[in-house]
Amino acid sequence: MENCIFCRIASGEIPSQTVYEDDYFRAILDLSPASKGHTLILPKKHFKDVTELDETYAAKILPLAAKIGQAMKTKLGCAGFNIVQNNGEAAGQTVMHYHMHIIPRYADGPQMVIWEPKESNPDEQAQIASLLSEALK
Ligand code: 5GP
Ligand code: ZN
């Protein structure tokens with residue numbers, strides 16, 4: 001994927017503020033951070049989104065995210081962190097190379113990663129649960 005910006009950053013071809021690197025991932029600071037320390041974990045192999053991610057990467061990325069979040073708490077003094085991962089343009093994905101956001105959250109910091117809760121309809125919920133559970137059998 002020679003035209004993929006995150007392939008080029010992950011491989012080191014394009015320099016970045018790297019906070020962590022191993023054989024599978026490079027974790028970098030986001031160029032337009034939502035908060036101080038906002039980090040992206042990029043797999044070194046190109047996957048479009050989570051539906052393509054292979055099992056090796058999938059198994060490794062969550063422990064890495066936890067480790068980065070813990071480092072943010074101890075070294076940057078955040079009170080918590082969000083793990084965000086967008087799949088598809090409709091979900092806000094702008095770079096079509098799978099990545100995970102680790103966003104530090106500071107005490108009294110601004111609201112983010114929020115949605116407006118709606119009321120659920122029991123019949124519709126039952127129908128949705130049935131549709132999905134059937135597909136997931
Ligand atoms: P998405 O919206 O696809 O989930 O997130 C893409 C993220 O990548 C955004 O937060 C954006 O600021 C960040 N980003 C886009 N291009 C670059 C870049 O060239 N370098 C870095 N460090 N971050 C980038
Ligand atoms: Zn890529």
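Taking a probe of 1.4 angstrom, what is the accessible area of Y20 in Å², to the nearest 10?
Accessible area of Y20: about 70 Å².
In Å and from the alpha-carbon atoms only, list the Rg and Dmax of region 1-98.
13.1, 39
Quick one: ranking L76, L64 by accessible area, 1.4 Å probe, largest first, what do you get? Intermediate values should be presented prior to the final figure.
On the way: L76 70, L64 15 Å².
Listed by decreasing accessible area, they come as L76, L64.
Pop out the ³J(HN,Hα) list for region 50-63 in order, Karplus 6.51 cos²θ - 1.76 cosθ + 1.60 with θ = phi - 60°, rounded to Hz; leave Gly and Pro as x.
4, 5, 9, 4, 7, 5, 5, 5, 4, 6, 8, 6, 5, x
If you build a Gaussian network model of the chain, linking Cα atoms that sit under 10 Å apart, which residue out of K48, K67, K75 swings the most?
K75
Between Q85, Q111, Q125, find the one with the highest GNM mean-square fluctuation for the chain; connect C-alpha pairs within less than 10 Å.
The residue that fluctuates most here is Q125.
Taking only protein heavy atoms into account and a 1.4 Å probe, give the accessible area per residue of the chain in Å². If you can, show how the numbers build up before the last one.
On the way: 9190 Å² over 137 residues.
So the chain comes to 67 Å² accessible per residue, rounded to a whole number.
Tally up the carbon and sulfur contribution to the accessible surface of the chain as a whole percent, 1.4 Å probe, everything protein left in place.
Working: 4950 of 9190 Å².
Taking all protein chains in place, the chain shows 54 percent carbon and sulfur surface.
Between 0 and 90 degrees, rounded to the nearest ten: what's the tilt of helix 122-135 against the longest Cα principal axis of the chain?
60 degrees
Amide H neighbours of Y98 under 5 Å, at least 5 residues apart or on other chains, H built in the peptide plane: list them.
F47, K48, D49
Cross-link candidates for K67: which aspartates and glutamates have Cα within less than 20 Å, leaving aside residues fewer than 8 places away along the same chain?
List returned: E21, D22, D23, D30, E55.
Taking Cα pairs under 8 Å and at least six residues apart, what relative contact order does the chain come out at, in percent? Numbers along the way, then the final one.
Values: 172 pairs, mean separation 30.5, N = 137.
Relative contact order for the chain comes out at 22 percent.
How many angstrom lie between the Cα centre of region 107-137 and the Cα centre of region 71-106?
Answer, in whole Å: 20.
The values are calculated or read from the model by the stated rules, or taken from the named source; none is laboratory data. As the structure is a computational prediction, the values presented were derived from the model and not from experiment. The accessibility values were calculated without ligands, DNA or RNA, using every heavy atom of the protein model including side chains. Shrake-Rupley method; radii C 1.70, N 1.55, O 1.52, S 1.80 Å.
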